[in-house]
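Written below as structure tokens is the structure these notes are about.
Taken together, the values in this text are just the output of simple stated rules run on the coordinates, not laboratory data. In this text the structure is predicted, and so the values were computed from the model without any measurement. Backbone-built Cβ (ideal geometry, glycine too); neighbour counts: all protein chains shown.
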Amino acid sequence: MTPRDALEHLWMLAGCDPSALDMLRVEGDDPALPSVFRVGSLAVASIGAAGLAAAQFHRLRSGLTQRVSIDVRRALTAFRSERYLSVEGGAPIELRHPVTGHFATRDGRWIQLHANFPHHLDGILRVLGCSGEREAVAAAIRGWDGAALDETLAQAGLCAALVRSPQEWAVLEQAKAIASLPLFEIERIGDAPVELPAGRATRPLEGVRVLDLTRIIAGPVAGRTLASHGADVLLVNGPHLPNIAPAVIDNGRGKRSATLDLRESAACETLRSLALGADIFLQSYRPGALASRGFSPEALARLRPGIVCVSVSAYGHRGPWRERRGFDSLVQSASGIVWDESVEAARGSGVAASDAPFEAPRPLPCQALDHATGYLAAFGAMVALARRAQEGGSWQVRLSLAQTGRWLRSMGMVESGQRVPDQRAEDVADCLEMMDSPFGLVRVAAPAEQLDLTPAYFARPSVPIGTDAPVWAA
């Protein structure tokens, strides 16, 4: 599957106007990063579709058509935006805690831990009964069988994943649940009048208000993408919830940032008042978590007819793992992606593994599931906005990292894909830009999609969490 094939498939899957594809230019092909998977096609398809949807929404508002261009190299730079981030000329900032990563188990398997948040790290250490040094964690894990530790950590609500083969993943009930879902869902969930944003339309999403209740990468990339096309994005975090500083800087571009503690009734009332004025409600809490506080898509559609509710999760909204905590790297491990990359790396090295198909796990060369799901969420939101403008209604968009991973696998593999050189910051310098911010002068990945009439850009820099009041701008 070529990058253009993947983008056209995505566009038609969403039921979009096929004639818009005549205004699309795609350049480049896989492999462009060292991987057996078609991550370039994934990047071009998800980012390009979001750019084309922005152009089409602008056409609805202004009557103007424009060309949209996307190339593999720029798209993959955006897919690794956190890797190329620097502040005041400093080296790219490390996002991972030393205990985050893969560890060998007693039975010759590998398990991945995600310990970037202090409460997750503390919980893992309690289960393992060890101190927090990586060497101590590794020694403790060598006393466990992989599947048993995976299940124990999951039952404790912690973040881990056994590195499974594709065959092991396919027989799990969660994999079957994912296979029963489309790549994404865009569903009408209520009646509402036809609605277009009021005022001028010098940018595609000018006048569109987005409530962004997301953290880390996938959901924040969706909000960042909407902001890059002119939306008024208000990020709302819980003041007690942890964040990762580089992700705040990278993915907060174009957004204002407020805090609300939704454990308090007054904060929930404030959020309801914000939802009354919102066009898009974007959230990445585990399925059902916000519904328990009165913010299900159905409740929001009753509160604000015409709203577009976008939900991003790790493992989808069906199946026994629907409430399991997860991140991109964990989904890669659980679903066989890491297995396939690792097996190919072992073959290419010429070093035979002793009793296992590989000697060390190898993930994708970027957080591809996170980024693709984020761009797909923005794409779905804009498709829903266009439907609201043409037929009315309130809408729900649902996606998950696992569904995106299944789509990536369906694209097939690239022979000898791991032999291409990796891309350093100096290799993609023309795809980066500088921004002044409260954090200092930051180097960031520029928007990859090129729109002839309404280029994507960020009207404001990222700001520290809680900088702004929880109100819409005048």
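Our Cα-only numbers for the chain put the radius of gyration and Dmax at 21.5, 67 Å.
Computed from the Cβ-Cβ distance with R0 of 22 Å, the FRET efficiency linking Ser19 to Ala389 stands at 0.80. The antiparallel fraction among DSSP beta bridges confined to the chain stands at about 45%.
Our summary of shape: the Cα atoms of the stretch 61-157 have principal axis extents of 63, 33, 26 Å, ordered from largest down, in whole angstrom. A cut-off of 5 Å between modelled amide H atoms, ignoring neighbours fewer than 5 places along the same chain, links His97 with Ala115, Asn116. Taking other residues whose beta carbon is less than 13 angstrom from the beta carbon of Gly405, and scoring Lys, Arg as +1 and Asp, Glu as -1, yields 0. As a calculated quantity, the FRET efficiency between Ser410 and Leu441 at R0 = 30 Å, using C-beta atoms, amounts to about 0.15.
Converting phi to 3J(HN,Hα) with the Karplus coefficients 6.51, -1.76 and 1.60 and the offset θ = phi - 60°, the stretch 211-224 yields 8, 10, 9, 9, 9, 6, 10, 4, x, x, 4, 4, x, 4 Hz in sequence order, with x at every glycine or proline. Note on the stretch 1-48: semi-axes of the ellipsoid equivalent to its C-alpha gyration tensor, largest first and rounded to whole Å, are 21, 11, 7. Just so you know, the Rg over Rh for the stretch 252-402 is 1.11, from Cα atoms, with Rh as the Kirkwood radius. Under the combined filter of DSSP loop state and at most 15 neighbouring Cβ atoms within 10 Å, the stretch 386-474 retains these GluC sites (Glu not before Pro): Glu415.
Calculated FRET efficiency, Leu453 to Val127, Cβ-Cβ distance, R0 = 60 Å: about 0.65 to the nearest 0.05. Applying 0.36 nm per residue to the separation of Asp145 and Arg419 and subtracting their alpha-carbon distance, the gain on full extension is 95.3 nm.
Extension gain, Leu196 to Glu359, is 53.1 nm, computed as 0.36 nm per intervening residue step minus the present C-alpha separation.
Spin-label pair Arg188-Glu426: with each label point 7 Å from Cα along the Cα-Cβ axis, the two points sit 5.7 nm from one another.
Between Glu298 and Ser265, the distance separating the two model label sites (each 7 Å from Cα on the Cα→Cβ line) works out to 2.4 nm. Here the Karplus curve 6.51 cos²θ - 1.76 cosθ + 1.60, taken at θ = phi - 60°, turns the phi angles of the stretch 414-431 into couplings of 10, 5, 6, x, 7, 7, 6, x, 6, 9, 8, 4, 5, 6, 10, 4, 6, 9 Hz, with x standing for Gly and Pro. Values of log10 I(q)/I(0) for the stretch 108-233 across q = 0.20 Å⁻¹ run -1.16, by the Debye formula with one identical scatterer at each alpha carbon and no solvent. Its Kirkwood hydrodynamic radius, worked out from the mean inverse distance over all distinct Cα pairs, puts the stretch 324-400 at 15.2 Å.
For the stretch 368-474, applying the loop criterion from DSSP together with a ceiling of 12 other beta carbons within 10 Å to the trypsin sites (Lys or Arg not before Pro) yields Arg424. Counting every Cα pair in the stretch 223-291, what percent are over 14 Å apart? Summing the P(r) of the stretch 223-291 above 14 Å gives 66 percent of all pairs. Taking only the C-alpha atoms of the stretch 289-355, Rg followed by Dmax gives 19.8, 61 Å. Computed from the Cα positions only, the extents of the stretch 1-123 along the three principal axes stand at 59, 40, 27 Å, in decreasing order. Of the GluC sites (Glu not before Pro) found in the stretch 14-97, those in coil by DSSP whose Cβ has at most 16 other Cβ atoms within 10 Å are Glu88, Glu94. Its DSSP H runs of at least 4 residues, each contributing -39,500 (n - 2.57), put the calculated 222 nm mean residue ellipticity of the chain at -11500 deg cm²/dmol, to the nearest 500. Per residue, the convex hull spanned by the Cα atoms of the stretch 358-474 amounts to 241 cubic angstrom.
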